[in-house]
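The values are calculated or read from the model by the stated rules, or taken from the named source; none is laboratory data. For clarity, every value in this text was computed on a predicted model and none was experimentally measured. All Cβ positions, even for glycine, are placed from backbone atoms using ideal geometry, and neighbour counts span all protein chains on display. Just so you know, the surface numbers come from the protein's heavy atoms only, side chains and all, with ligands and any DNA or RNA stripped out. Shrake-Rupley method; radii C 1.70, N 1.55, O 1.52, S 1.80 Å.
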Amino acid sequence: MESQISRRSFIKVSAIAGSGMLLSFSFLNAKERDVDLEEIIFNPNAYIKINGDNTITLMAPNPEIGQGVKTSLPLIIAEELCVDWEKIIVELAPLDSNYGRQTAGGSGSVRSRFIPLREVGATAREMLISAAAKKWNVAKEDCKAENGTVIHKASGKVATYGELAAIAATLEVPTNPKLKDSAEFKYLGNRVQDVDAKAITQGKPLYGIDTRKEGMLFAMVARSPAYGKKLASFDDTKALKINGVKKVVKLENSVAVLATSTWAASKGRDALVIKWDTTAKLENTVDHINDFAVLLQKESDNHSRNDGDFDAQANKALEVLDASYLVQTLSHGQMEPLNFYADVTESKADLYGPTQVPGSVRDDVAKKLGIAPENITVGVPRQGGGFGRKLMNDNAMESALISHAAKCPVQVQWTREDDMQNDFYRPLAMFRYRAAISKEELLGWNQSSVVIGRGMRGDSYIAGTLENYRSSDQGYTSNTPTGWWRAPGANALAFPAESFMDEVCIALKKDPIDYRIQIFEKAKNHPVGKLGYDPEKFLSVVKLVAEISNWGTSTTGIYRGFATWYSFGSYAAQVVDIKLEDGKPRIVKVYCAVNCGTVINLSGAENQVQGAIIDGICHAMFPKITFVEGAVKETNFNRYKFLRMKDTPLDIEVKFVDSQDAPTGLGEPALPPIAAAVANAIYVATGKRIRKLPLMDHFDV
């Protein structure tokens, strides 16, 4: 009697990452015509799934916050797997230990996964080639993978990956797959469209805010209106009378209103009668700035570096330049207001929403609610910006606590005002720079800083090239919370350091680019003590930006500024061209050279650099956060001013240094130098040296 097979019983293949496949057959003698191709799955690792119908799915393991990893990470796999990129399905991976460290931050996603993901793709490719060789009874060396197929040149035989899936799943997983030579790359280094570009432009559901689940209520939370105020009491009588409001939940220092819509929840929140008591000092930005100025006059002995004897050089110098700079508090201001979905019971939790650290979300919720980590699932959608804000877990934890207390699934939605008042801000910082100079030479450099929080350490690249160099920092205790902000540390350090370096160049009558080249040549050939960077890479970007900008030439009415910096293993150098319109600066063009090792997706890389430059210009020119009695003054974009289209550069030209090195960070390194480059151009145009951000505070706008 002929065996009959159901569509779900022929073959199932599953994978255990790192330890091969488990293959089970229900009917080994089933006829080919009975096979349901959707049930044949080649899943050699957590990242790749190839179905018998030739559907190929690649997983993007790290959160997508706009840095392009949903495209670039699967692209690395696809390059080694030799598949047709246009036919690939890309999915964001849920939190799973099989994917390793699933974090978005520090420009680390690509640089930490470049080789491992190539090995993932190469492993599957070799197994598919071996499967074809076995199927055709030919030598593996005579077969080649190409566009999702394996080809046997001599016979002309061709098999799709889907056709080879069942055989490949039975093979031993190779431990040391051969990687492609970079000369063979088809996709890496070229332009590839973002996998979500079409969905984004069509407004399709992609984000946490689009989440809709059966039985879910929407929540809005009344949080403290000022840092230093605590919840004393509340009356929810009026709130519960609002149509659609179902529950009110008290948390430690806030009150959540749950309703059938965000509008009803918002109206219910407005109807709460809350009393807030002051438990700590209500702080003011103006007091912080005054305190910083006093502290900077007495240099801290908390030295991060102290080479030679700066004071001796200062005593014999022709002149000691002395300048102080202020970098204002900033909000993250991501376009997507915070939100999170949670369905929590006593023993398990289902969480879904925007976070840069899903592993931390799971661990923190497990610890707070006493739920075993293995009983907590965390799904991560594409996110509408992060910039460091979503390295904090307050939105996820809040939603979990509300769901747990309300005993129902809930989506917590923040407003822009909620975001602004309850951020973890880029901290206020003040810097003092001193340079001892002779008629033609820099003799010594001394930098110090005061910053809200633990302090901000970071040396200028002059360290390691100058015999007399000193740096120190001081922290400042405050109840205004701070956190990571795009290009942490570097985003604040580069503005004063590169502005002051420009002042040194002017005092010494040195061309800004020629002088940087002189510094890096010395660092390369005659370093002084420890060198914290690669001078050859610094030279590569400085020389390249000079070339593409035709540095040294002049155009009537155009004024130029230069700056450079390094962060996350990458180097960026920028030239900014501005003109004056009604006495105010207008950025005409930005030239940017970047050395970031191997470029994965050229269009994505260009977008990252251009986006970082625009972000940097925006925050250098317009916004700041000001605390008045503990409350944020700039509660929405009408006061926290963002860059408008009319103020953006007319052109941003980006060039990458050709490199065979492994990729380094790219989402952040182009941001730090731009503020100083613009400020230096403004000085050339106006003779006005601006040492306090935002820049446009110094012009009538």
Legend entry - Nitroxide proxy distance, nm - points 7 Å out along Cα→Cβ at S659 and D511: 2.5 nm
Legend entry - Helix-only mean residue ellipticity at 222 nm for the chain, each DSSP H run of n ≥ 4 adding -39500 (n - 2.57), per residue, nearest 500: -9000 deg cm²/dmol
Inset, instruction - Assign unit charges at the C-beta atoms only (+1 for Lys and Arg, -1 for Asp and Glu), then state the dipole size of region 584-684 relative to its Cα centre in Debye, rounded to the nearest 20. - result: 620 debye
Inset, instruction - Calculate the all-directions average of the projected area of region 175-232's alpha-carbon convex hull, and give it in nm². - result: 11.8 nm²
Inset, instruction - Find how much the distance from K281 to E91 grows on full extension, using 0.36 nm per residue of separation minus their present alpha carbon separation; answer in nm with one decimal. - result: 63.6 nm
Inset, instruction - Work out the charge dipole of the chain with +1 on the Cβ of Lys and Arg and -1 on the Cβ of Asp and Glu about the Cα centre, then indicate which of I200, N306, A265 is farthest towards its positive end. - result: A265
Inset, instruction - Could you pull the Cα extents of region 71-187 along its three principal axes, largest to smallest, in whole Å? - result: 50, 30, 26
Legend entry - Residues in region 177-216 reached by a label modelled at E146 [backbone nitrogen below 19 Å; 7 Å Cα→Cβ]: 180-188
Inset, instruction - Give the value in nm², to one decimal: projected area of the alpha carbon convex hull of region 115-178, averaged over all directions. - result: 4.2 nm²
Legend entry - Normalised convex hull volume, region 553-701, alpha-carbon set, Å³ per residue: 131 Å³
Legend entry - Kirkwood Rh, angstrom, region 399-547 [1 / mean 1/r, Cα pairs]: 18.4 Å
Inset, instruction - Please list, or write none, the aspartates and glutamates whose alpha carbon is within less than 13 Å of the alpha carbon of K153, excluding same-chain residues fewer than 8 places away. - result: E141, D142
Legend entry - Distance cut-off 16 Å, percentage of C-alpha pairs in region 435-480 lying past it: 48 percent
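So between N550 and N479, what do we pick up on full extension, going 0.36 nm a residue minus the alpha carbon distance? Display every interim value, and only then the final one.
Numbers: separation 71, 0.36 × 71 = 25.56 nm, distance 4.85 nm.
Additional length available on full extension: 20.7 nm.
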Legend entry - Entries in K510/K543; K579/K688; K390/K624; K579/K646 that, when Cα-Cα distance is taken, lie over 18 Å: K390/K624
Inset, instruction - Give, to the nearest whole percent, the P(r) tail of the chain beyond 44 angstrom, counting all Cα pairs. - result: 34 percent
Inset, instruction - Enumerate the lysines that K530 could reach by cross-link, defined here as Cα to Cα under 17 Å, with residues fewer than 8 away along the same chain left out. - result: K522
Legend entry - Three semi-axes of the equivalent ellipsoid, region 618-701, Cα gyration tensor, whole Å, largest first: 29, 19, 13
Legend entry - Packing-based order for 311-322, 485-496, using average beta carbon neighbours within 10 Å, highest first: 485-496, 311-322
Inset, instruction - With a 1.4 Å probe and every protein chain kept in, tell me what percent of the accessible surface of the chain is carbon plus sulfur. - result: 49 percent
Legend entry - Residues of the chain: accessible area per residue with a 1.4 Å probe, Å²: 43 Å²
Legend entry - Along principal axes, Cα extents of region 280-386, largest first, whole Å: 71, 33, 31
Inset, instruction - With the cut-off at 13 Å, report for region 538-608 the share of all Cα pairs above it, as a whole percent. - result: 68 percent
Inset, instruction - For a quick protection proxy, order the peptides 422-432, 131-141 by their average other-Cβ count within 10 Å, most packed first. - result: 422-432, 131-141
Inset, instruction - Report the antiparallel proportion of the DSSP beta bridges in the chain as a percent, rounded to a multiple of 5. - result: 75 percent
Inset, instruction - Kindly provide the pair-distance distribution of region 489-618 built from C-alpha pairs, with 5 Å bins from 0 and whole-percent values in order of increasing distance. - result: 2, 9, 17, 22, 23, 14, 7, 3, 1, 0
Inset, instruction - Looking at region 44-96, send over the antiparallel percent of its DSSP beta bridges, to the nearest 5. - result: 45 percent
Legend entry - Value of relative contact order over the chain, rounded to a whole percent, pairs C-alpha under 8 Å and six or more apart: 13 percent
Legend entry - Charge sum, other residues only, whose C-beta stays under 14 Å from F387's C-beta, Lys/Arg counted +1 and Asp/Glu -1: -2
Inset, instruction - With 24 Å as the limit, write out which pairs from K238/K368; K267/K368; K135/K186; K281/K368; K87/K198 have Cα-Cα distances beyond it, or answer none. - result: K238/K368; K267/K368; K135/K186; K281/K368
Legend entry - Nitroxide proxy distance, nm - points 7 Å out along Cα→Cβ at K646 and E346: 6.2 nm
Legend entry - Partners for K241 among aspartates and glutamates (Cα-Cα distance below 16 Å; same-chain residues under 8 apart left out): D270
